[in-house]
Every structure is written in structure tokens, then in C-alpha cells.
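First the structure, in the form of C-alpha cells, and then the observations on it.
The values are calculated or read from the model by the stated rules, or taken from the named source; none is laboratory data. Every value quoted in this text rests on a predicted model; they were computed, and no experiment measured them. Every residue, glycine as well, gets a Cβ built from its backbone with ideal geometry; the counts of neighbours run over all protein chains shown. What goes into the accessible areas is simple: the full protein's heavy atoms, side chains included, and nothing from ligands, DNA or RNA. Shrake-Rupley method; radii C 1.70, N 1.55, O 1.52, S 1.80 Å.
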Amino acid sequence: MARIHNVTEFIFLGLSPSREAQKVCFVLFLLLYTAVVLGNSLIVLTVMTSRSLGSPMYFFLSCLSFVEICYSSTTAPKLISDLLTERKAIALWGCMTQLFFMHFFGGAEIFLLTVMAYDRYVAICRPLSYRTIMNRQVCVVLVGVAWVGGFVHSFAQILLLFHLPFCGPNVIDHYFCDLLPLLKLACSDTFLVGLLIVANGGTLSVISFGIILASYVVILLHLRTRSSEGRSKALSTCGSHITVVTLFFGPCIFIYMRPSTTLSGDKMVAVFYTIITPLLNPVIYSLRNAQVKKAMKKLWIRTTKLDEK
């Protein structure tokens with residue numbers, strides 16, 4: 001079927017029809033998004049400027065923080081600005097662009113979290129070969145693979161949606177352009193496309209989550225031969241990553257591993273994985289990691305000394 005161009009823009013219903021609630025949400029989400037950008041930027045800056053954080057684990061952490069800033073920025077600024085307007089509109093091409101970059105950065109984060117799990121496996125199970133296996137060149141290649149994987153995933157999602165005809169209505173019961181709400185507006189049978197979208201996004205999430213779980217099962221089995229002190233030290237480096245993985249993959253699997261339907265709670269789940277999770281990541285890594293806290297303290301001291309001069 002040829003694409004129909006009757007729809008040139010989409011209208012968001014947003015989080016709430018109440019103007020008072022929207023004003024409260026504006027202040028809340030502005031503060032949360034500011035914290036996301038500042039918190040993750042602080043981790044990137046700390047890793048880049050600290051010699052003590054030169055291991056591959058912290059290189060991947062800085063890359064993850066950068067992805068979190070980009071990922072949250074695909075939806076949060078539009079959400080915040082729309083909370084102050086009566087008519088929450090986005091152009092058709094703007095909608096497709098937002099959708100592409102959201103799945104691009106989201107896919108890159110999935111691959112990056114998987115790479116970080118592999119890094120922990122090598123560090124704990126093959127410590128003598130760690131520096132050789134996870135050298136700088138390999139780390140850069142793995143991050144590049146994560147970006148390419150995110151692009152391929154997102155391109156496939158957009159390709160599935162791009163050829164659907166949109167001839168009206170154009171009202172999206174959401175606060176950003178996402179796949180499942182858009183499928184409801186298409187003027188054709190979307191059953192097959194919905195299955196392919198679930199297969200793409202859901203399968204990627206489940207397979208990556210399975211690989212991460214498998215890597216930690218191997219790590220736990222390997223740690224049985226270590227002393228209690230060795231187990232405690234090894235697990236402390238994995239705890240933050242496991243927490244972040246659970247927070248990120250839980251909502252993704254909930255949204256994309258089910259039939260192509262939308263539920264009333266989807267918007268709240270979306271708020272969690274687009275704003276709350278990117279905010280929690282720097283908090284989790286900084287509070288649970290003594291080296292990161294120490295490096296941040298040194299960065300703060302250096303910064304204050306420069307300001308005094």
C-alpha cells in the first residue's frame with residue numbers, strides 16, 4: 001500500500017489533562033532532567049580526568065553515562081516544554097526522528113550493558129589475562145559495536161514503521177512518539193508489523209538480558225573457589241552493574257515483550273526508563289564505588305582551587 005500523507009503532525013495527550021498537575025510536573029521533570037545531565041556529565045568528566053579510573057570498567061561507565069544523557073534528551077526536553085503549552089504537537093518527520101534516536105541510544109545502551117557484563121566476566125574469571133584481553137583497542141571496538149548495534153536496531157524499527165499509512169486520527173495517548181501508540185494510528189492492518197517490532201525490540205532485550213545473566217552465573221560459580229574477602233570484593237564491582245541492568249531491562253521487557261497493545265500504565269513505565277533510570281545510574285555507581293567517590297572528591301578539590309586562583 002502506498003503511504004498516505006494526510007497526517008503531517010501528531011498531537012500528544014501528555015501525562016495529565018490537568019493544568020495544575022502539568023505545572024507541578026514541569027518543575028519536577030525539569031529538576032530531574034537537569035540532575036540526569038549534571039550527574040552523568042560529572043561521571044564522564046571524572047573518568048576522563050582521573051588517572052585512577054583508567055581501567056576498562058570506568059571507560060565503559062563513562063560511555064554509558066554519555067549514552068544516558070543522549071537517551072534522556074530524546075524525550076525529556078519535549079516533555080518539559082509541552083507541559084507549558086495547550087497544544088502538544090510534533091511534526092511527522094520530527095516524530096520519526098525522535099523515535100529513531102530513542103531506539104538508537106536505547107539499543108546502544110543495551111549492547112553497552114552487555115559489553116560491561118563481559119568486562120566483569122573477564123576481570124573476575126580471567127584476571128591474569130584481563131589487561132591483554134581488554135586492551136584499549138578492544139574496548140574502543142566493543143563500544144563501536146554497541147553504537148553500530150543500536151543503529152541497526154533503530155533503523156530496523158523505523159523501516160517497519162515508515163511505510164505504514166497515516167491518514168488520521170493523529171492523537172497519540174503518550175508524551176513522546178513510540179512504536180506501539182503509533183501502530184494504533186496506522187490506516188492498515190498492523191498485526192504483522194507489530195509482531196516484527198516485538199520480535200526486534202523484545203528479542204534484543206531478552207537475549208541481551210539472558211547473556212548478562214549467564215555471565216553472572218559463570219562469575220558466581222567461579223567465585224565459589226575464592227576466599228570470602230575475594231568474593232566480597234569481586235561482587236562489589238558487579239553489584240552496581242546488576243542493579244542498573246535490572247532497572248533498565250525490566251521496563252523494556254515489560255513494554256516490548258508482549259502483544260502490540262498499549263496499557264494505561266505504559267506512560268508511567270516510560271517515565272521510569274526515560275528519566276528515572278538515567279538519573280539513578282550515576283547515583284548507583286557513585287554511591288557503591290569508593291574509587292569513583294574518591295576521584296570525584298579530587299576533581300572537586302582541583303576545581304575549587306582553580307576557582308580560588
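Only DSSP H runs of four or more residues enter the estimate; each adds -39500 (n - 2.57), and after division by the residues of the chain the mean residue ellipticity at 222 nm equals -25000 deg cm²/dmol.
Largest accessible area first, the residues Leu161, Leu247 order themselves as Leu247, Leu161 under a 1.4 Å probe with ligands, DNA and RNA left out. Here Thr49 and Leu195 are evaluated by their C-beta separation; at R0 = 51 Å the FRET efficiency comes out at 0.60.
For the stretch 36-156, with only Lys/Arg (+1) and Asp/Glu (-1) charged at the beta-carbon, what is the dipole magnitude about the Cα centre, in debye rounded to 20?
Rounded to the nearest 20 debye, it is 320 debye.
On the basis of the beta-carbon distance and an R0 of 30 Å, Leu221 and Lys294 show a calculated FRET efficiency of 0.45.
The heavy atoms of Lys297 present about 130 square angstrom of accessible area, all protein chains included, probe 1.4 Å. For Asp119, Asp189, the ranking by accessible surface with the largest value first comes to Asp189, Asp119, using a 1.4 Å probe. For the chain, the Cβ-based charge dipole about the Cα centre amounts to some 1400 debye (Lys, Arg positive; Asp, Glu negative; other atoms uncharged). The residue list Leu99, Leu84, Ser62 was ranked by how far each Cα lies along the charge dipole of the stretch 1-149 toward its positive end, using unit charges on Cβ atoms, and Ser62 comes out on top. Rolling a 1.4 angstrom probe over the protein heavy atoms with all chains in place gives the stretch 49-93 an accessible area of 40 Å² per residue. Across the options Gly150, Cys167, Ile124, the greatest Cα extent toward the positive end of the charge dipole of the stretch 89-231 (unit charges at beta carbon of Lys, Arg, Asp, Glu) belongs to Ile124. Largest first, the residues Ser240, Ser232, Ser18 sort by 1.4 Å accessible area into Ser232, Ser18, Ser240. Accessible area per residue was computed with a 1.4 Å probe on protein heavy atoms; Leu61 scores about 10 Å². Computed over protein heavy atoms with a 1.4 Å probe, the carbon and sulfur contribution to the accessible area of the chain reaches 69%.
In this view, the solvent-accessible surface of Thr34, computed with a 1.4 Å probe and all protein chains in place, comes to about 60 Å².
Of the residues Ser52, Ser73, Ser286, the one that moves most in a GNM of the chain with alpha-carbon contacts below 10 Å is Ser52.
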